[in-house]
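Below: one structure, written as structure tokens.
The values are calculated or read from the model by the stated rules, or taken from the named source; none is laboratory data. If you're wondering where the values come from, they're calculated on a predicted model, not measured in any experiment. For neighbour counting, all protein chains shown are included, and Cβ atoms are generated from backbone atoms with ideal geometry for every residue, glycine included. When the accessible area is computed, the model is the full protein with side chains, heavy atoms only, and any ligands, DNA or RNA have been set aside. Shrake-Rupley method; radii C 1.70, N 1.55, O 1.52, S 1.80 Å.
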Amino acid sequence: MSDPIMPETIENPYPIDLTPPDIERWREGNAGLDWIWRFSADRPGPHLLISAVVHGNELCGAIALDRLLSEGLRPRRGTLTLAFMNVEAYQNFDPTDPFASRWVEEDFNRLWDRETLEGPRDSADLRRARAVRPVVDAADHLLDIHSMQQPSAPVALAGMAEKNVALARGLGIPEVIVRDGGHAAGRRLRDYGPFEDPASPSTSLLIECGQHWEAGAADLALDCALRFLLHFDAIDAATAAKLAPPPATAPQRVLEISGPITIRSDDFRFVENFTGLETVPKAGTIIAYDGEDPVTTPYDDCVLLMPTRRLWKGQTAVRLGRYTAPV
Ligand SMILES: [Zn+2]
């Protein structure tokens, strides 16, 4: 097993327009585990899980959950669990070094396979993942709220299973639905267990709400959470409308990811300052160098998804994809 990856200082060129809410009052939870809140209705229904701060420096999910808890929102059927995940990382958030608190010792969102969760390795992030695993196991459907390093239109990461693309369509936003197979560096929460199993009725979606610290990311996080609850009939439209006015929607389209570009050298650099969702018209265009090797686009109209500034060996540098024909 490789050592956990330590955060490094990454220069931040973006304004910090969001304020991390003080979530201390939500510490105790009501489900036997810190930072986890669970509410059940009398009427039967699915168990819905909305998770925030899987990455500690992604503030929009914490803002959305803080709002839902403050409003006293309750499901009208089934069970709703609201989970602040990697809170230790979140509490380390420092606006003067805002990339550093993505995790404590390693990426909480690359730990979600049985070998890692049940293996001998240890880290602060892994301990929290192990602690919250029963919370995830108990859920039928997951909405995992995230944001992105670079300014880009929001995207829903739906994995490969058609059922999760259908969930994204059920929410109606954001416009771009990404079908992708995750990362070489490890399995994401949204890919865990039955969520990505086509034979299981469980579904999951990861929403990237925009750049980490832009105001619009928090609005979208709340809107996605309400739409997720509406989709499963856990709240009614009047309740959703009271908390957030429905925004204008555009037709959704699916971005099919052909694969991640995983960094193989200690010297990976992009040829341009890509921020995400750029379309490169011609196949064979050089977009980066990994050591001496050029990284080229494999097909025409290749779309770059979420290029990273964490250009370290073994990590995903960027994902490449194509829009499928609208349905
Ligand atoms: Zn994230």
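A few points about this structure:
- Members of segment 106-133 that are outside any helix (DSSP H, G or I) and away from the ligand (no atom under 16 Å from the Cβ): Asp113, Gly119, Pro120, Arg121, Asp122, Ser123
- Scanning segment 289-300 for residues that are in contact (Cβ under 8 Å) with a residue 40 or more places away in the chain and open to solvent by less than 70 Å² (accessible area, probe 1.4 Å) returns a single hit, Tyr299.
- Remark: Ala218 falls outside the filter, which requires a residue to be among the hydrophobic types (A, V, I, L, M, F, W, C), more than 20 Å from the chain's Cα centre (by Cα) and at negative phi.
- Pairs where the first residue, in segment 201-217, is farther than 13 Å from Pro154 by Cβ and the second is charged (D, E, K, R) and within 16 Å of the ligand (Cβ to nearest atom), C-beta under 6 Å, 6+ apart: Ser204/Arg190
- Verdict on Glu58 being farther than 19 Å from Leu143 by Cα and either surrounded by 19 or more Cβ atoms within 10 Å (Cβ to Cβ) or within 16 Å of the ligand (Cβ to nearest atom) (or both): no
- Only one entry in Ala31, Ala83, Ala89 is touching a residue at least 24 places away in the same chain (Cβ under 8 Å), within 16 Å of the ligand (Cβ to nearest atom) and in contact with a strand residue (DSSP E or B) (Cβ under 8 Å, 6 or more places away or on another chain), namely Ala83.
- Checked against the criteria, Ala185 counts as open to solvent by 20 Å² or more (accessible area, probe 1.4 Å), of a type in the set (A, V, I, L, M) and within 16 Å of the ligand (Cβ to nearest atom).
- Condition met for Gly210 (open to solvent by less than 50 Å² (accessible area, probe 1.4 Å), at positive phi and touching a Pro at 6+ places or on another chain (Cβ under 7 Å)): yes
- Residue in segment 61-70 that is more than 16 Å from the ligand (Cβ to nearest atom), open to solvent by 10 Å² or more (accessible area, probe 1.4 Å), aliphatic (A, V, I, L, M) and in contact with a Lys or Arg (Cβ under 9 Å, 6 or more places away or on another chain) present: yes
- Options Val303, Val327, Val318, Val280: the member that is open to solvent by 10 Å² or more (accessible area, probe 1.4 Å) and modelled with pLDDT of 95 or more: Val280
- Conditions (1) of a type outside the set (Asp, Glu); (2) open to solvent by 40 Å² or more (accessible area, probe 1.4 Å); (3) within 25 Å of Asn12 (Cα to Cα); number of the one not met by Pro194: (3)
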